[in-house]
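Okay, structure first, notes after.
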Amino acid sequence: SFSNSSHLVQHRWIHTGEKTFTCADCSKSYRHNSNLTDHRRTHTGEKPFTCDKRGK
């Protein structure tokens with residue numbers, strides 16, 4: 001059971017294999033937009049997070 005209908009929709013993707021978010025550069029697909037956002041950084045080289053201790 002799910003308290004939110006969108007959670008049920010996302011759960012169904014596991015059973016259907018549906019991946020609705022596709023990279024425009026290489027056509028790799030993901031179930032969640034956040035995973036696509038992370039993947040896109042492999043194409044752009046973006047590294048938006050830095051360590052406060054070492055600056056890397």
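Any idea which residue in the range 11-24 is nearest to D38 (Cα to Cα), counting only those that are among the polar types (S, T, N, Q) and in contact with a Phe, Trp or Tyr (Cβ under 9 Å, 6 or more places away or on another chain)? In this case the residue turns out to be T22.
Given T22, T16, which one is without any contact (Cβ under 8 Å) to a residue 12 or more places away in the chain and of a type in the set (V, I, T)? Let's see the steps before the verdict.
On the way: T22 fails: without any contact (Cβ under 8 Å) to a residue 12 or more places away in the chain.
Exactly one residue qualifies, and that residue is T16.
Just name the residue that is farthest from T44 (Cα to Cα) out of those in the range 5-30 that are of a type in the set (V, I, T) and surrounded by 11 or more Cβ atoms within 10 Å (Cβ to Cβ). Don't jump to the end; show me each part of the working.
Initially, the range 5-30 is screened for residues of a type in the set (V, I, T), giving 9, 14, 16, 20, 22.
Next cut, surrounded by 11 or more Cβ atoms within 10 Å (Cβ to Cβ) only: 9, 20, 22.
On the way: V9: 30, T20: 21, T22: 16 Å.
The extreme case among them is V9.
Out of T37, T20, T42, one residue alone is β-branched (V, I, T), within 14 Å of the chain's Cα centre (by Cα) and at pLDDT below 95. It is T20.
Among the candidates K47, K56, the residue that is at pLDDT 95 or above, of a type outside the set (V, I, T) and not in a strand (DSSP E or B) is uniquely K47.
The values are calculated or read from the model by the stated rules, or taken from the named source; none is laboratory data. What you are looking at is a predicted structure, and each value in this text was computed from that prediction instead of being measured. All Cβ positions, glycine included, derive from the backbone under ideal geometry; neighbour counts span all protein chains shown.
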